């Protein structure tokens, strides 16, 4: 077994064990393989093993990698901080963006989708800085309500709002669990209050 196959099998086993402890099925967990800095052959090897979702955090690298794998069923997620001036480069490459944190960025993304990929919508996660760390991007939890309210008043047909994202707290397990539990409560509140049935991703 290759190192990639061995590592992938180990990660899947860990996901299954964690899901079981949480009373969930492993199928309810979406594994995103971060493919930044990885060679095409490595990504293809994971595709051959059944991994479909891949994350990239730089547009420049992705613009060469993604077209080279366009004949595969790969699903591409933009996972880095995204400047609004670069939003126009995502359509046609990515199906998901994990780091929407401003109305300006949302408007730029929607306009770009309508212009370059009018028959599809970009799946979007709103980034929330649950930990409050200055080094992390995202809305503060107390800003989320006003942000959602503002979104509800905008026409953004190129976007499909799917849920929330945060970067976990670096610390002990209890702090990490508390951060993601907080994010879950925020997600459920937004989903219910704004009537968003597909707003179910974390």
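The table below lists the values:
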item: Separation of alpha-carbon centers, the range 19-41 and the range 108-181, rounded to whole Å; result: 20
item: Residue among 53, 178, 17 with the largest mean-square fluctuation in a Gaussian network model of the chain, springs linking Cα atoms under 10 Å; result: 17
item: Per-residue Cβ neighbour rank within 10 angstrom, fewest leading, 151, 125; result: 151, 125
item: Residue among 128, 97, 29 with the largest mean-square fluctuation in a Gaussian network model of the chain, springs linking Cα atoms under 10 Å; result: 29
item: Cα-projected label distance for residue 136 with residue 17, points at 7 Å along beta-carbon direction, nm; result: 2.5
item: Helical contribution to [θ] at 222 nm, DSSP H n ≥ 4, -39,500 (n - 2.57), averaged over the chain, rounded to 500; result: -13000 deg cm²/dmol
item: Order of 72, 37, 166 - criterion: other Cβ atoms within 10 Å of each residue's Cβ, fewest first; result: 37, 72, 166
item: Most mobile of 152, 84, 102 in a GNM of the chain (Cα contacts under 10 Å); result: 152
item: Residues 162, 24, 39 arranged by fewest to most Cβ contacts within 10 Å; result: 39, 24, 162
item: Listed candidates [x] 30, 21, 15; [y] 40, 15, 15; [z] 27, 24, 15 - label of the one calculated as semi-axes √(5λ) of the Cα gyration tensor in Å; result: [z]
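Quick note: the coordinates plus some simple rules give every number you see, no bench work behind them. Bear in mind that the values here come from a model prediction, so they are computed numbers and not experimental data. Note that we place each Cβ from the backbone using ideal geometry, even for glycine, and neighbour counts take in every protein chain shown.
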